[in-house]
Every structure is written in structure tokens, then in C-alpha cells.
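Inspection log for the structure reproduced underneath, given as C-alpha cells.
The values are calculated or read from the model by the stated rules, or taken from the named source; none is laboratory data. Values in this document were obtained by computation on a predicted structure and should not be read as measured data. Please note: Cβ atoms are built from the backbone with ideal geometry, for glycine as well, and neighbour counts cover all protein chains shown. Protein only, heavy atoms only, side chains kept; ligands, DNA and RNA dropped before computing areas. Shrake-Rupley method; radii C 1.70, N 1.55, O 1.52, S 1.80 Å.
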Amino acid sequence: MSRAAPPVLPSDAQESLVRRLFWLSIGVFFIGGFLSASVSLLVPQLKSVLGLDYKGALLVQLAFHSSYLLFALPAALAVVRIGYMRAIAIGLSVMTAGCLSLALAQGMRQFLLVLGALLLLSAGQTVLQIASNTVVTVIGPSRGAAVRLNLLQGFNSLGTVLGPVLSAPFLLANITPGDRGGGTASVPFVAIGAVLAVLSALYVGHRALLSAAPAGAGRMLPPDWSRQIFSVLRDRRLRWGTAAIFVYVGAEVTIGTLMTNVLMLPERLALEPVSAGSLVGLYWAGAMVGRFAGAWMLTRMAEARLLLYAALAAIALTVAAIVLPGAAGAAALIAVGLCNAIMYPTIYALAMPQDSRQAPLASMWLCMAVVGGAVVPILTGAAADAAGLLPALLLPALCYAGIAGFAGMCRRPREVAA
């Protein structure tokens with residue numbers, strides 16, 4: 001039985017609402033990128049300080065991304081119940097607590113405490129991802145959803161560029177086995193926690209912003225919500241889009257995390273840890289430039305077509321990074337960031353159902369797929385321990401092949417879910 005479509009705001013009121021929401025979202029996307037890039041630097045740091053192998057060090061990414069699988073369902077239900085703005089404020093508050101816990105655990109050099117703090121931190125980020133990505137998609141014209149999300153992801157990439165540059169001197173300076181770091185390793189996460197607390201206060205102050213928007217206010221869960229969790233997967237694009245998000249996040253996190261170690265290899269650039277960690281900022285800078293450029297290109301090219309070209313280029317560059325020696329191989333791996341630029345927001349927008357009432361539950365599945373950032377790095381780390389770091393990069397290349405397949409599917413007309 002079909003339901004009546006929700007009422008639509010007048011165009012001028014909707015434009016004002018979208019504009020205010022966009023400006024408020026910039027800080028959230030920026031600090032999320034800064035935090036993720038800083039967390040990635042924990043892998044080379046803890047690998048050296050604690051004498052871990054690649055698989056052991058990459059437990060950092062397992063802890064940071066596994067909560068998307070553990071907490072996506074309660075997070076999605078919370079978004080439906082309390083509304084987007086309050087959910088974002090709660091997510092930011094939990095992340096603040098996680099950052100302060102991580103700063104304490106990092107200063108103590110207790111690996112299990114670090115993993116626990118990362119799990120808490122990413123629990124808050126799970127709420128934030130579901131609420132912030134979805135609200136930008138459903139509040140405003142659907143035709144511009146990919147453009148809006150790509151623009152905001154550009155600010156996310158700006159954070160990922162500055163994260164390694166500003167955090168590497170604290171996290172990677174003079175790292176030796178058993179080194180306690182003088183407490184400086186905690187500085188980036190204390191600073192990030194302070195910014196998150198300010199953003200949380202801003203969202204609390206704007207908690208009524210979306211009260212007049214049909215898709216924005218909190219509402220009681222429908223009585224058949226447990227059935228709707230799975231029925232939303234009748235949408236073929238959502239199913240395959242969830243798989244595409246899984247492999248995309250897995251590939252991007254794997255390359256961004258292992259790049260410091262790749263650039264330190266004698267057969268690549270043989271850099272010192274701080275220099276290699278700072279240079280990772282170029283990888284994220286490519287994503288930043290590509291997202292702003294991609295937002296412009298998406299006004300002139302179909303989303304699926306651009307996604308397909310980006311995925312094919314990422315495959316070619318990752319393979320080139322494996323086989324080309326010296327600076328050429330390093331440059332190819334860094335250039336993958338440019339291809340990553342439009343992938344997440346474009347996959348997200350292409351996969352979302354056309355009915356905005358299904359958006360929170362659909363977003364739950366897409367957010368759960370971010371667990372790829374936990375699984376693919378661990379598998380790549382195991383391959384690196386067994387066969388070498390460079391050959392292990394074939395796994396991210398296979399991930400990009402999966403994205404190309406999703407893009408090819410989306411070039412055909414969308415099937416209507418039963």
C-alpha cells in the first residue's frame with residue numbers, strides 16, 4: 001500500500017534551509033577528514049614503537065572502522081527517532097569523549113586502550129556519518145544531491161590534507177621501540193576533541209533548524225520498522241552500492257594508511273617517517289582537488305559515467321605503483337587520491353532510494369559498509385607480511401574493479417523496487 005508523499009517546502013524556504021545546513025555541515029566534514037587522516041598515522045607510529053607487524057598495526061583501522069558494522073543499526077534508529085540535527089550533536093559529543101580517551105591511551109602507549117578509545121570514537125562517527133551524509137542528500141533537490149555531497153567531501157579532504165601535515169610532527173617524530181613520546185602524541189587528539197566539542201554546541205543551538213522540513217524532524221518509528229530494515233534492500237542499486245562503499249572505503253583507507261611505509265621503502269623514496277607521513281598529505285590533497293573539480297564536472301557529466309572513469313584510472317595507477325620503480329611508483333600511488341575524490345559521495349548518491357522516507361535505513365546499510373575500512377586493510381596487511389608490501393596493493397586494485405562494475409550498472413535506467 002503506497003503512502004502519500006510528504007509535503008514540500010516552498011522553493012525559497014527550501015533554498016535558505018539547504019544553504020544554512022550546508023554552511024553548518026562544513027565544519028563537521030572538515031574535522032572528520034582531519035581526524036581520519038590523523039588516526040591513519042597511528043599505524044606507522046605504533047608499528048615502530050610497539051614493534052608490531054603490518055597485520056598487528058592495522059588493528060588500528062579494524063577498531064576505527066568496525067563500529068560502523070556494530071552501531072549502524074542503533075544509529076539509524078536514533079536518527080529516525082530524534083531527527084538529524086540532534087543525532088549529529090550526539091555523535092559529535094561521543095566523538096569528543098573518544099578523542100580525549102584516545103589522547104590518554106596514546107600518552108600511556110597502551111595498545112588495548114588505544115583500540116578501545118578508537119572504538120568509542122568511531123561509534124560517535126557512525127552516528128555522525130548516517131545523519132550528516134543523509135541529511136545533505138535528502139534536504140534539497142535530489143538532482144543536486146551528488147554535487148552538494150561532493151562539495152562537502154571537498155572540505156572533508158581539506159581536513160585529510162592538513163591532518164598528516166599538522167599531526168605527523170607530533171605522532172612520528174623520533175619514534176623508536178619503547179619510546180614514550182614525551183606526551184606529544186596526545187596533542188592532535190586533544191585539539192580535535194576541542195573542535196568537536198565546539199561543533200556539538202553549535203548543533204545543539206541549531207537543533208530546531210529542520211523542524212519545518214518533512215524529512216528533517218524526528219518521528220516515532222513505524223510499527224514495521226524491523227521489516228523495513230531488510231525490505232529497503234529490494235532496491236538493486238542500494239544492494240550493490242553498499243558493496244561498492246565497502247570496497248571503496250577499504251581501498252582508500254588501505255592506501256592512505258600504508259603509504260607512509262611505502263614511501264619509506266628503499267625502492268621507492270627512502271624517506272624518514274615524519275617526511276613520509278607529511279607527504280601522505282599529497283594523497284589526500286588529490287582527493288580535495290578532485291572533489292571540488294568533480295562537483296563542477298558532475299554538472300556537465302552523468303554521475304555513473306564519471307565514477308566509471310575514476311575507478312578505471314584508480315586501477316591503472318595502483319598497478320603502476322606496484323611495478324614502477326622509485327619516484328614514478330610513489331607518484332602513481334599518490335595520484336590514486338585524485339581518483340578517489342568523487343567515489344564516496346557519488347556512490348552514496350547513486351545508491352540512495354528515491355523515497356526520502358527510506359533514507360535513514362538505506363543510509364544505515366551504506367554506513368555499515370564502511371566496515372570495509374576495517375576488513376580490507378587487515379587482509380592487505382596479512383598479504384604484506386606474507387608476500388611483501390608492494391604486491392599486497394593488488395587487493396585495493398581489485399576493490400576499484402568492483403566500483404567500476406557498480407558504475408557500469410548505474411549507467412542503465414534504475415529498476416523500481418517491488
Requested in this report: Report, in debye and to the nearest 20, how large the dipole of the chain comes out about its Cα centre when Lys and Arg carry +1 and Asp and Glu carry -1 on their Cβ.
Outcome: 1060 debye
**Report entry** Helix-only CD estimate at 222 nm, as mean residue ellipticity for the chain, using -39500 (n - 2.57) per DSSP H run (n ≥ 4)
**Finding:** -25500 deg cm²/dmol
**Report entry** Contact order relative to length of the chain, as percent, for alpha carbon pairs under 8 angstrom and 6 or more apart
**Finding:** 26 percent
Requested in this report: With a 1.4 Å probe and every protein chain left in place, work out the accessible area per residue of the chain in Å², rounded to a whole number.
Outcome: 38 Å²
Requested in this report: Give me the percent of the accessible area of the stretch 297-418 that comes from carbon and sulfur atoms, probe 1.4 Å, all protein chains in place.
Outcome: 69 percent
**Report entry** trypsin sites (Lys or Arg not before Pro) restricted to the stretch 292-388 and DSSP loop, no more than 10 other C-beta within 10 Å
**Finding:** ARG300
Report summary line: Which of PRO345, PRO169, PRO396 fluctuates most in a GNM of the chain (C-alpha springs under 10 Å)? That residue is PRO169
Query raised in the report: Say a site is exposed when it is one of the GluC sites (Glu not before Pro), sits in a DSSP loop, and has at most 16 other Cβ atoms within 10 Å; what is then the longest site-free stretch of the chain?
Result: 1-266
**Report entry** Within the stretch 271-418: Cβ-based charge dipole about Cα centre, in debye rounded to nearest 20 (Lys, Arg +1; Asp, Glu -1)
**Finding:** 500 debye
Query raised in the report: Calculated FRET efficiency, SER16 and VAL323, Cβ-Cβ r, R0 30 Å, to nearest 0.05?
Result: 0.05
Query raised in the report: Which helices pass in the chain if a helix is a full DSSP H run, must span at least 20 angstrom along its long axis by Cα, and must have mean Kyte-Doolittle hydropathy not below 0.0?
Result: 11-40, 59-82, 84-108, 111-138, 145-171, 187-205, 236-264, 273-297, 303-323, 326-340, 372-387, 394-410
Query - Simple spin-label estimate for LEU50 and ALA401 in nanometres, 7 Å along Cα-Cβ - result: 3.4 nm
